[in-house]
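Working notes, structure below.
Read-outs: derived from the displayed coordinates by stated rules, not from any lab. Every value quoted in this text rests on a predicted model; they were computed, and no experiment measured them. Neighbour counts are summed over all protein chains in view; Cβ atoms, including those assigned to glycine, are modelled from backbone coordinates with ideal geometry.
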Amino acid sequence: MSTPLLVIIGLLAIALVVVLGMGIVGLARNGGTNPRRSNKLMQMRVAIQFVILLILFAALALGS
């Protein structure tokens, strides 16, 4: 894989960890009393994971 692609995947992985951490801290802090925010964070996490997988599969399919 090329270096720019690895940088993009790395940045997305960092974003994924940040969103996951925000969700865990939110649940620990107030017991998940705001389900709308928790749901939005989960949607963001799943979307980021989807983009990472899409990039990885495209890179593998194109043979870079």
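Any idea which residue in region 8-64 is nearest to the chain's Cα centre (by Cα), counting only those that are in a helix (DSSP H, G or I) and polar (S, T, N, Q)?
Q49
Filter region 1-47 down to the residues that are in contact (Cβ under 8 Å) with a residue 24 or more places away in the chain, of a type in the set (G, A, S) and touching a Lys or Arg at 6+ places or on another chain (Cβ under 7 Å) and list them by number.
First, the residues of region 1-47 that are in contact (Cβ under 8 Å) with a residue 24 or more places away in the chain: 1-2, 5, 8-9, 12-13, 15-16, 19-20, 44-45.
From what is left, the residues that are of a type in the set (G, A, S) are 2, 13, 15.
Correct list: empty.
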